[in-house]
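All remarks here apply to the structure that follows.
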Amino acid sequence: KKVERGVLTCTDKLKISHDTIEKILHRIEDSIREKARNTHLIKSTEIGEETLKQLYTVSPVAYVRFASVYRAFDDLDMFIQEIEHIASQVREN
């Protein structure tokens with residue numbers, strides 16, 4: 001539920017369909033289940049990183065919104081660094 005709330009919050013007011021959000025949540029859940037298959041344990045950091053990975057594929061804006069809370073951006077430079085990182089990845093593709 002916590003991941004779902006975070007995803008809904010960071011995608012709010014973006015043109016992302018409810019169906020797409022559901023798919024993101026299912027992919028996160030499936031990936032986490034796979035990672036936890038042998039140990040039955042998963043670190044919260046792994047859940048956060050998987051969420052970021054899935055959000056990035058759908059919307060870099062949602063990714064930055066989620067990352068700002070998840071990674072606790074506390075100044076403008078952190079936002080700028082993350083946006084520059086995303087922009088460089090987009091230019092490479």
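Quick notes on this one:
- Taken over region 1-21, the criterion of being outside any loop (DSSP other than H, G, I, E, B) and more than 15 Å from Lys53 (Cα to Cα) is satisfied by Lys2, Arg5, Leu8, Thr9, His18, Asp19.
- Qualifying residue in region 71-86 (condition: of a type in the set (S, T, N, Q) and open to solvent by less than 80 Å² (accessible area, probe 1.4 Å)): no
- Selection status of Ile24, touching a residue at least 40 places away in the same chain (Cβ under 8 Å) and more than 20 Å from Ala87 (Cα to Cα): no
- If the condition is being of a type in the set (Lys, Arg) and either touching a Leu at 6+ places or on another chain (Cβ under 6 Å) or assigned to a helix (DSSP H, G or I) (or both), then region 40-93 contributes Lys53, Arg65, Arg91.
- Those residues of region 1-52 which are small (Gly, Ala, Ser), exposed (fewer than 14 other Cβ atoms within 10 Å of the Cβ) and more than 14 Å from Val69 (Cβ to Cβ), in sequence order: Ser17
- When Glu49 is tested against (1) without any contact (Cβ under 8 Å) to a residue 24 or more places away in the chain; (2) under 18 Å from Gln81 (Cα atoms); (3) touching a helix residue (DSSP H, G or I) at 6+ places or on another chain (Cβ under 7 Å), just one condition goes unmet, and that condition is (3).
- Some residue of region 64-74 being at pLDDT 90 or above, of a type in the set (Phe, Trp, Tyr) and out of contact with any Gly (no Cβ under 9 Å at 6 or more places or on another chain): no
The values are calculated or read from the model by the stated rules, or taken from the named source; none is laboratory data. Since we're looking at a predicted model, the values are computed, not measured. We place every Cβ from the backbone using ideal geometry, glycine too, and count neighbours over all the protein chains shown. Ligands, DNA and RNA are excluded from the accessible area calculation, which covers all protein heavy atoms including side chains. Shrake-Rupley method; radii C 1.70, N 1.55, O 1.52, S 1.80 Å.
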